[in-house]
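This report refers to the structure that appears directly beneath it.
The values are calculated or read from the model by the stated rules, or taken from the named source; none is laboratory data. This one's a predicted model, so the numbers in the text were calculated from it and none came from an experiment. Here the Cβ is made from the backbone with ideal geometry for all residues, glycine too, and neighbour counts use every protein chain on show. Each accessible area value is taken on the protein alone, full model and side chains, heavy atoms only, with ligands, DNA and RNA left out. Shrake-Rupley method; radii C 1.70, N 1.55, O 1.52, S 1.80 Å.
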Amino acid sequence: MSAAPRDAIPLAEALAEELVLASRMLNDLAYDLGSDEGTLRLHMASLQKVDHITQIQLAVADLLRNREETEACLAGVTLEGMADRLRAAIR
């Protein structure tokens with residue numbers, strides 16, 4: 001597990017770690033399913049959605065760990081649609 005910043009809120013850090021754990025579990029599941037050629041061929045789009053979900057979860061975990069200014073935090077969100085939705089929510 002990653003080290004928490006000194007000023008992290010304990011609950012926020014715990015929630016971030018849960019999101020990272022869930023992301024790892026989803027990633028393992030997608031890997032297992034994708035290792036079967038037939039499943040991969042039939043469900044490629046769904047497996048890509050699982051990857052997108054894990055990216056969202058990891059971005060939220062990073063935001064929970066970060067105590068900087070909101071805009072500075074959102075600058076680190078690489079999923080454009082998610083960043084747009086979060087910016088809209090704080091305005």
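In the context of the full set of protein chains, the chain has a per residue accessible area of 72 Å² (1.4 Å probe).
Each Lys and Arg contributes +1 and each Asp and Glu -1, all at the Cβ; summed about the Cα centre of the chain, the dipole is approximately 220 debye.
Given R0 = 30 Å, the distance between the Cβ atoms of Ala72 and Leu29 translates into a calculated FRET efficiency of 0.35.
Taking the helices alone, the chain has a mean residue ellipticity at 222 nm of -26500 deg cm²/dmol, built from -39,500 (n - 2.57) per DSSP H run of at least 4 residues and averaged over all its residues. By the combined test of axial Cα extent (at least 30 Å) and Kyte-Doolittle hydropathy (mean at least -0.5), the qualifying DSSP H helices of the chain come to 10-34, 37-65. Counting protein heavy atoms only, the chain has 58 percent of its accessible area on carbon and sulfur, 1.4 angstrom probe.
Rg over Rh for the chain works out to 1.06, both radii taken from alpha-carbon positions and Rh defined as the Kirkwood radius.
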